[in-house]
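Just so it is clear, none of the values below were taken in a lab; they were calculated from the coordinates. All figures in this text were calculated on a predicted structure; none of them were measured in a lab. All Cβ positions, even for glycine, are placed from backbone atoms using ideal geometry, and neighbour counts span all protein chains on display.
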Amino acid sequence: MRRHFLFLWIIAGALLLFCGCGPGSGKSPEKSGGDEMKIAFIYVGPVGDAGWTTAHDEARKKLEREVPGIKTSIIENVPEGADAGRVMSQYARNGYRMIFATSFGYMDPVLATAKDFPNVVFEHCGGYKTDKNVGTYFGRMYQARYLSGLVAGKMTKTGKIGYVAAHPIPEVIRGIDAFAIGVREANPKAAVHVVWTHSWYDPAKEREAAESLLDLSADVIAQHQDTAAPQQAAEKRGCYSIGYNTDMSSFAPRAHLTAPVFNWEKFYIPDVISVKEGKWVPQNYWKGLKEGVVDLAPFGPMVPDDVKKLVSEKRKLIESGEWDVFWGPVKDQSGALKFKEGEKMTDDQMLKLNWFVEGVSGEIPR
């Protein structure tokens, strides 16, 4: 049934593209005219998810408001894989000068499509492969994850913190590890328990995963998922939650402690301007708290001042460049020392991280 539903979505998306009436601001895709620069955004989920896709789309709207002479178009619910390549090709054929592919699973289709359209700039979110006309971008979300871990570690009473995780890729594993480092710094006896959904966007699965963690006496639920379902499950049980992507406090006001959030406009606006000015070059963009591309949502009223003060102090330390989350000593899940005192994990090592740190309970599917 799920495969049948997905097939219908793919067919519907293709028809919308070729009929020139896809979802988004304006028609999608249409041939460009005059000096207007047309930019396409490819979304893996719906703009109404209140999470990952919403964060990108809010930034897109700011881009349109603040950069003159551009017009953006979106298409939602594009599956990761070959169909994404066909969608991007159609945009490129119809005169779009830039294409932002906003999910990790679009990486290889982006690389393949870009070779056929050397005059189009492609940007891939979360990937690690570049080309002459392909750049990648992400935020150092692990920094904000660490700060939210401090909050969770201070607020737990049971010492058990649940983490609803999407796919076992380095991006997600890195976030879990950074969160756990923060948790253990605030509460050395606490542990982070991980459950995988193998989905970016599936409210029912996310809620079920959170409930299974709550059944194990977890009293704080964190997530790497696109909806507020885990937080709502926590609120229903009278527990706390840590959100992701956007400020989701309105969905679970009695549970929501804070959330690591993205401000994608910090990348989109200067990147588009660089293309308009003929200064664009491919890069692996990876900025963090200091640049404002990642941040923390406002604290819930239940977070005490001493916890806020701790977070503020650690945030300033990270922003100063005097310390970062994955600087030694860092131990793995078994307690073995991976990075000794004074040793720094490199960006390449962080981008390929595929093991859990001490304090994480759960396995990484291989």
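Look at where the Cα atoms of the range 46-92 and of the range 274-294 average out, and the two centres are 18 Å apart.
Helix 170-186 and the longest principal axis of the C-alpha atoms of the chain enclose an angle of approximately 30°.
With contacts defined as alpha carbon pairs under 8 Å and 6 or more residues apart, what's the relative contact order of the range 159-221 in percent? Could the numbers behind the result be given before it?
On the way: 85 pairs, mean separation 32.8, N = 63.
For the range 159-221, the relative contact order is 52 percent.
Sparsely packed loop sites in the range 227-301 (the GluC sites (Glu not before Pro) outside DSSP H, G, I, E and B with at most 11 other Cβ atoms within 10 Å) comprise GLU277.
Springs between Cα atoms under 10 Å define the GNM used for the chain, and in it the highest mean-square fluctuation of ILE273, ILE74, ILE242 occurs at ILE273.
Placing unit charges on C-beta atoms (Lys and Arg positive, Asp and Glu negative, everything else neutral), compute the dipole magnitude of the chain about its Cα centre in debye, rounded to 20.
Numbers: 45 positive and 45 negative charges, 11 e Å.
With only Lys, Arg, Asp and Glu charged at Cβ, the dipole is about 60 debye.
Straight-line reach from LYS62: which aspartates and glutamates have a Cα under 12 Å away, not including same-chain ones fewer than 8 places off? Answer for LYS62, where 12 Å is the Cα cut-off: GLU265, listed by chain and number.
What does the C-alpha gyration tensor say about the overall shape of the range 134-240? Classify as rounded when a/c is under 1.5, otherwise prolate if a/b is larger than b/c, or oblate. It comes out oblate by the Cα gyration axes. Note on ALA204 and GLU291: the model spin-label points, each 7 Å out from Cα along the C-beta direction, lie 4.0 nm apart.
Given Cα pairs under 8 Å that are at least 6 residues apart, what percent is the relative contact order of the chain?
Numbers: 805 pairs, mean separation 57.5, N = 366.
The value is 16 percent.
From the alpha carbon centroid of the range 124-148 to that of the range 179-258 is 23 Å.
Need one word for the range 153-211: rounded, prolate or oblate. Basis is the Cα gyration tensor (sqrt eigenvalues a ≥ b ≥ c); a/c below 1.5 gives rounded, then a/b vs b/c decides. Before the final figure, lay out each step's value.
On the way: a/c = 3.29, a/b = 1.54, b/c = 2.13.
Oblate shape, in that a/c is at least 1.5 and b/c is the bigger or equal ratio.
For GLU341 and ARG65, a Förster radius of 30 Å and the Cβ-Cβ distance give a FRET efficiency of 0.05, rounded to the nearest 0.05.
Lys-Lys pairs in the range 248-366 that are eight or more residues apart or on separate chains and whose Cα atoms lie under 21 Å of each other come to 26.
Entry note, the chain: the mean residue ellipticity at 222 nm calculated from DSSP H runs of n ≥ 4, each adding -39500 (n - 2.57), is -12000 deg cm²/dmol after division by the residues and rounding to the nearest 500. Given R0 = 51 Å, the distance between the Cβ atoms of SER312 and VAL281 translates into a calculated FRET efficiency of 0.90.
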